[in-house]
């Protein structure tokens, strides 16, 4: 294997990490904190590798971040749900309606005005993600999108957008997962209470 390729890949990945707008990440963390405080729900979805990242994110937020946040005495956990998970529902919606309907159709069962929607993607043009964001916007939800350098329609629709300025699927997905970890670990690690010495 040519190590020059590997070194170039790593250098470009570092550039993607260095370009993450931390002020935008901090703002999204504040939105998610308020979502919990107001007992709202957070819904997340994506396709392919982004769907896997969504599942990972919701696991970290729903379990580890919730464990730590609930220790503040309120007992309140993050009410969060990945819309990628229910295969029988997804395939029923895709078969009976259309694949582009699999997310907004689920949102109409769960979502309420004031809830949050977070989507991950690289192209920003997946029809099911676009329709999910459109539905959420028209029903009073706040929408957040993490997209790649092509931006796509989702970047124009979502209320809050973070663009990873690269079009390589692997690098964009890795940078987006880093953002998801920044979000979750801001709740997991920043609230760890230490016993007095």
Could you please find all residues in region 84-98 being in contact (Cβ under 8 Å) with a residue 12 or more places away in the chain and surrounded by 15 or more Cβ atoms within 10 Å (Cβ to Cβ)? 84, 90, 93
Picked from region 123-138 (must be out of contact with any strand residue (DSSP E or B) (no Cβ under 7 Å at 6 or more places or on another chain) and in contact (Cβ under 8 Å) with a residue 60 or more places away in the chain), the residue nearest to residue 169 (Cα to Cα) is 126
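Assess whether residue 158 counts as being within 15 Å of residue 46 (Cβ to Cβ), surrounded by 20 or more Cβ atoms within 10 Å (Cβ to Cβ) and out of contact with any strand residue (DSSP E or B) (no Cβ under 8 Å at 6 or more places or on another chain). Spell out the reasoning first.
Details: within 15 Å of residue 46 (Cβ to Cβ): yes; surrounded by 20 or more Cβ atoms within 10 Å (Cβ to Cβ): yes; out of contact with any strand residue (DSSP E or B) (no Cβ under 8 Å at 6 or more places or on another chain): no.
Considered against the rule, which asks whether it is within 15 Å of residue 46 (Cβ to Cβ), surrounded by 20 or more Cβ atoms within 10 Å (Cβ to Cβ) and out of contact with any strand residue (DSSP E or B) (no Cβ under 8 Å at 6 or more places or on another chain), residue 158 comes out as no.
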Just one listed residue, out of 146, 116, 120, is in contact (Cβ under 8 Å) with a residue 40 or more places away in the chain, buried (at least 22 other Cβ atoms within 10 Å of the Cβ) and within 22 Å of residue 167 (Cβ to Cβ), and it is 120
Residue list for region 57-68, restricted to those being surrounded by 15 or more Cβ atoms within 10 Å (Cβ to Cβ), more than 20 Å from residue 112 (Cβ to Cβ) and within 12 Å of the chain's Cα centre (by Cα): 57, 60
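Just to be sure I understand, how many residues within region 80-111 are in contact with a strand residue (DSSP E or B) (Cβ under 7 Å, 6 or more places away or on another chain), outside any helix (DSSP H, G or I) and over 17 Å from residue 185 (Cα atoms)? Even if it seems obvious, please write down each step before you answer.
So the first thing to find is which residues in region 80-111 are in contact with a strand residue (DSSP E or B) (Cβ under 7 Å, 6 or more places away or on another chain), and the list is 80-84, 103, 107, 110-111.
Then keep just the ones that are outside any helix (DSSP H, G or I); that gives 80-84, 103, 111.
Add one more test, that the residue is over 17 Å from residue 185 (Cα atoms), and what stays is 81-84, 103, 111.
Residues meeting the conditions: 6.
Select, from 167, 119, the only residue that is under 28 Å from residue 13 (Cβ atoms) and assigned to a strand (DSSP E or B). Spell out the reasoning first.
Details: 167 fails: assigned to a strand (DSSP E or B).
One residue alone meets the criteria, 119.
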Any residue in region 65-76 that's in a loop (DSSP other than H, G, I, E, B): show its pairings with residues that are exposed (fewer than 12 other Cβ atoms within 10 Å of the Cβ) at Cβ separation under 8 Å, as long as the two are six or more apart or on different chains. 71/193; 76/37; 76/39
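Working only within region 32-52, note down all residues that are part of a helix (DSSP H, G or I), surrounded by fewer than 17 Cβ atoms within 10 Å (Cβ to Cβ) and either out of contact with any helix residue (DSSP H, G or I) (no Cβ under 9 Å at 6 or more places or on another chain) or without any contact (Cβ under 8 Å) to a residue 40 or more places away in the chain (or both). Step through it out loud before you land on a result.
First, the residues of region 32-52 that are part of a helix (DSSP H, G or I): 32-37, 49-52.
Now drop any that are not surrounded by fewer than 17 Cβ atoms within 10 Å (Cβ to Cβ), which leaves 33-34, 37, 52.
Result: 34, 37, 52.
Quick one: would you say residue 149 is under 30 Å from residue 11 (Cα atoms), in a loop (DSSP other than H, G, I, E, B), at pLDDT 95 or above and in contact with a strand residue (DSSP E or B) (Cβ under 9 Å, 6 or more places away or on another chain)? Explain how you work it out, then say what you get.
Working: under 30 Å from residue 11 (Cα atoms): yes; in a loop (DSSP other than H, G, I, E, B): yes; at pLDDT 95 or above: yes; in contact with a strand residue (DSSP E or B) (Cβ under 9 Å, 6 or more places away or on another chain): yes.
So residue 149 fits the description; yes.
The values are calculated or read from the model by the stated rules, or taken from the named source; none is laboratory data. From a predicted model like this one, the values you see are computed outputs, not experimental measurements. Reconstructed Cβ throughout: ideal geometry from the backbone, glycine too, with neighbour counts over all protein chains shown.
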